[in-house]
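First comes the structure, then the notes that go with it.
The values are calculated or read from the model by the stated rules, or taken from the named source; none is laboratory data. These figures come from a predicted structure and were not determined experimentally. Here the Cβ is made from the backbone with ideal geometry for all residues, glycine too, and neighbour counts use every protein chain on show. Quick note on the areas: whole protein, heavy atoms, side chains included, nothing else; ligands and nucleic acids left out. Shrake-Rupley method; radii C 1.70, N 1.55, O 1.52, S 1.80 Å.
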Amino acid sequence: MKQYILLLAFCINPDFSSAEETQNPLEPRVIGGRNATKNEFPFVVSLLYHGDPQCTGTIINRFKVLTAAHCISGTTYDKWTVKAGFYIKGDPNTIERKVKSLKVHRIYVAKRYLAFDIAIMDVSLYTVTQPFEFNAAVQPVIFPEFHQKLRVGTHATLVGWGVTQFRPKTVRSLVLKALEVVTISKRQCKQRWKNLHRRICAVGSTTLKSSCFGDSGGPLMVGNVQWGLISGGTTNCTAYKPLKFLEVSMFTKWIKHFSRIPRQKN
C-alpha cells in the first residue's frame, strides 16, 4: 500500500480542470492485454523516477521522448531515467539514459488542463552525451500529419508497462503489454465522459480489457503511427468507460518545434 501511494503521489496531479477529471484521475496501465513480442514496439520506453517505473513514453528522435505532462509536472529532471530497447524485465539489451531537461506544455502548466497533457523529455540537453543509438530494438515513432483525423471504427493498439491487475492486489507485468481497441465517436464517448476536447476515444472488447494505474504517456498506435497518448480514465480500471487518449495530431507542430535535434559541438 505504501508503494502504491508513492506511485500516485509521483504520477498523478489531482488539480485537473473539471470536476469529473478531479474525481477520476487515471495514470493508466494495461489490464487484459497480451504480451508484446520482441522488437514489436521498439519506440516504447519505460520512465523511472528515483529508479521506480512510473510512466511510459515514446522515442521521438535520438534525443527526445514524448510522454504525458502529469507524469513529470512538478518533478525534477535529474531523478528521471529512460529505459529503452527491451520488452521483458531483465533483457540484457536494455539501455538506460539520464534525463537532462523536461518540457511541459505551457497551457498544462498554467491550468493543469488535460487537453494539453503532453510533455517532452530530453536525454542530452544541447550536448551529445548519450543519445539513443537506433537498432532493431530502439527506433523512433511516427506521428500523423497536423490536424489529421483518425476514423471512427479504426482498430488500434495501446501499449504500456506495469499493472495488469489493480484489485484486490496490484500486480505489475514483467513483459510489455499491448491491448487491441476500436475507436468510437465523441458522441458515443460523451455518454460516459465529458471534456473530450483534443481527445480520441476507444473501447476494448470487454470490461476486463482496459488501461489502469501507471502507464500514462503510453501510445495509441495504428500500425507504426502514434495517434494517441494515454492521458485519463477512471479510478476503477475495469468499470466500463471508454478509454481516452490525447489526440497527438493536434500537437505535431508543437512536438516538432520542441524536439529539434541540437547542433553538435565541434
Item to check | Residues that are modelled with pLDDT of 85 or more, open to solvent by 50 Å² or more (accessible area, probe 1.4 Å) and part of a strand (DSSP E or B), drawn from the range 168-210 | outcome: GLU180
Checklist outcome for this item: Filtering the range 93-124 down to residues that are in contact (Cβ under 8 Å) with a residue 60 or more places away in the chain, in a loop (DSSP other than H, G, I, E, B) and not acidic (Asp, Glu) yields HIS105, ARG112, TYR113, ILE118, VAL123, SER124
Next on the checklist: For the range 41-62, check the following and say yes or no: at least one residue is of a type in the set (Val, Ile, Thr), touching a strand residue (DSSP E or B) at 6+ places or on another chain (Cβ under 8 Å), at pLDDT 50 or above and over 22 Å from GLN226 (Cβ atoms).
Outcome noted: no
Item to check | Of residues in the range 73-92 being outside any loop (DSSP other than H, G, I, E, B) and within 12 Å of LEU48 (Cβ to Cβ), the one most open to solvent (accessible area, probe 1.4 Å) | outcome: LYS79
Checklist outcome for this item: When (1) at pLDDT 85 or above; (2) in contact with a Gly (Cβ under 8 Å, 6 or more places away or on another chain); (3) within 27 Å of SER73 (Cα to Cα) are applied to PHE213, the one that fails is (1)
Checklist entry - Of all residues in the range 49-72 being of a type outside the set (Ser, Thr, Tyr) and in contact with a Cys (Cβ under 9 Å, 6 or more places away or on another chain), which is surrounded by the fewest Cβ atoms within 10 Å (Cβ to Cβ)? => result GLN54
